[in-house]
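Rule-based calculations on the coordinates, nothing more; no lab input. Note that the coordinates shown come from a computational prediction; the quantities given were computed from them, not determined experimentally. So basically every Cβ, Gly included, is an ideal-geometry build from the backbone, and we count neighbours across all protein chains shown.
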Amino acid sequence: MQKPFYVKVLLVVTLLLGVNAFAGGNDPSTGDEKESLKSEIKEFIGHHLLDSHDFTLFTIDEEKNEHVGFPLPVILWDDGLKVFSSAKFHHGESVAEVDGNYYALYHGKIVKTDAEGTINYDEDHHATNEKPLDFSITKNVVFIFLVALLMLVLFGKMAKSYKTSSLPKGVGRLLEPIVLYVRDDIAIPNIGKKHYKKYMSYLLTVFFFIWIINLLGLTPLGVNVTNNIAVTFALAILTYLITTFTANKNYWKHIFWMPDVPVFMKVVLAPIELLGTFIKPFSLMIRLYANITAGHVVLMSILGMMFIFKNWIGSPLSFGLAFALSLLELLVAALQAYIFTMLSALYFGSAVEEHHDH
């Protein structure tokens, strides 16, 4: 029986990986070195996914702690407002002294410590140092502001161009078809022509914000905003609040006292339906966070394989797979923006649905 094309491709890839393992994996002298390299790659991936209190473009010398970048402002509330530059941490190597208090970076978090930078642990090896309230301008916050500013400029110019012409100018010509797509294929079908206009500003904002920030995450800048659970939580809670505060009485009636349902079933189903209102934004949060994080981890893991194999088969194969996955991630960046926007519109539609719409 003739095998499908994709099966042949998988067989070839598996064969090449097997040959590569046979060619470079049987040298016992390199076993410890490979294990050390794997640990270093895992540590680098974990560090790459974290937010940071400074912006590092690249590293010159890791041992000498020489980096190219710039510090960001640290804003803490610890018995009063504490504002200082993250340069005091020297990329986590030093303790910052502010008004007689000492602070240190521990796994990307700021904790209170002493002049020696002592970290205390409990029996489960969890740090017990006090953590002040942190309102710092981190790398993710900087890019959130930049994307917000970029969107204001682009759509501001686009809106002004409509005052003198029926067609937008410049980049507006690229944005207009996308705006029309969000309106005609997402908002109107899910919300309805009667109510869609009051939700359009939010839907357009969240679509372009997620799309642009996801694209920035694929650049060498190391920006990973939507793989931060706090960011996806904030986006999901906005959808939840808008749904909740714009819902009509018919929406709440179907949650607490569903029509044409026996009274006993109404009592049983009401808590389940109420719980469902919280599950919907939770699914939005987890879906966006998990998909973006998984894409970054897989892509960087494949790139790390190039340094593990170190031969003429494994390294080019890893590079090819990473390149193909990067193209796929471009699609995922837009797809996640579409899914989040579409589901938000669906929830808005259910909130304003009228009785005769059933």
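Summary table
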| quantity | calculated |
| --- | --- |
| Region 159-246: equivalent-ellipsoid semi-axes (sqrt of 5 x gyration tensor eigenvalues, Cα, Å) | 25, 22, 10 |
| Peptides 121-128, 223-230, 107-114 ordered by average Cβ neighbours within 10 Å, highest first | 223-230, 107-114, 121-128 |
| Region 277-288 - phi-based ³J(HN,Hα) in whole Hz, Karplus 6.51/-1.76/1.60, Gly and Pro as x | 5, 8, 5, 4, x, 4, 5, 4, 4, 5, 4, 5 |
| Diffusion coefficient, µm² s⁻¹, Stokes-Einstein with Kirkwood Rh over alpha-carbon pairs of region 205-324 at 25 °C and 0.890 mPa s | 138 |
| Cross-link pairs beyond the 31 Å C-alpha cut-off, checked among Lys112/Lys280; Lys163/Lys249; Lys112/Lys139; Lys193/Lys253; Lys139/Lys198; Lys169/Lys193 | Lys112/Lys280; Lys163/Lys249; Lys139/Lys198 |
| Dipole moment magnitude, nearest 20 debye, region 71-137 about Cα centre, only Lys, Arg, Asp, Glu C-beta charged | 340 |
| Amide H contacts of Phe55 (H built 1.01 Å from N, under 5 Å, at least 5 apart or other chain) | Phe70, Leu72 |
| Tensor-based shape of region 140-357 (alpha-carbon gyration tensor, a/c under 1.5 rounded, otherwise prolate or oblate) | oblate |
| Kirkwood Rh in Å, taken over region 200-273 so that all alpha-carbon pairs contribute | 15.3 |
| Residues with amide H under 5 Å from that of Ile137, placed H, sequence gap 5 or more | Ile75 |
| Sequence ranges 149-162, 293-306, 200-213, ranked by mean other-Cβ count within 10 angstrom, highest first | 200-213, 293-306, 149-162 |
| Per-pair calculated FRET efficiency, R0 = 35 Å: Leu81 and Leu174 via Cβ, rounded to 0.05 | 0.20 |
| Estimated translational D of region 71-137 in µm²/s (Stokes, Kirkwood radius over Cα pairs; 20 °C; 1.002 mPa s) | 177 |
| Value of relative contact order over region 140-357, rounded to a whole percent, pairs C-alpha under 8 Å and six or more apart | 30 |
| Charge dipole of region 140-357 about the Cα centre (unit charges at C-beta), most positive-ward option of Phe264, Phe278, Phe143 | Phe143 |
| Cα-based Rg and Dmax for region 65-220, where Dmax is the largest Cα-Cα distance (Å) | 22.9, 69 |
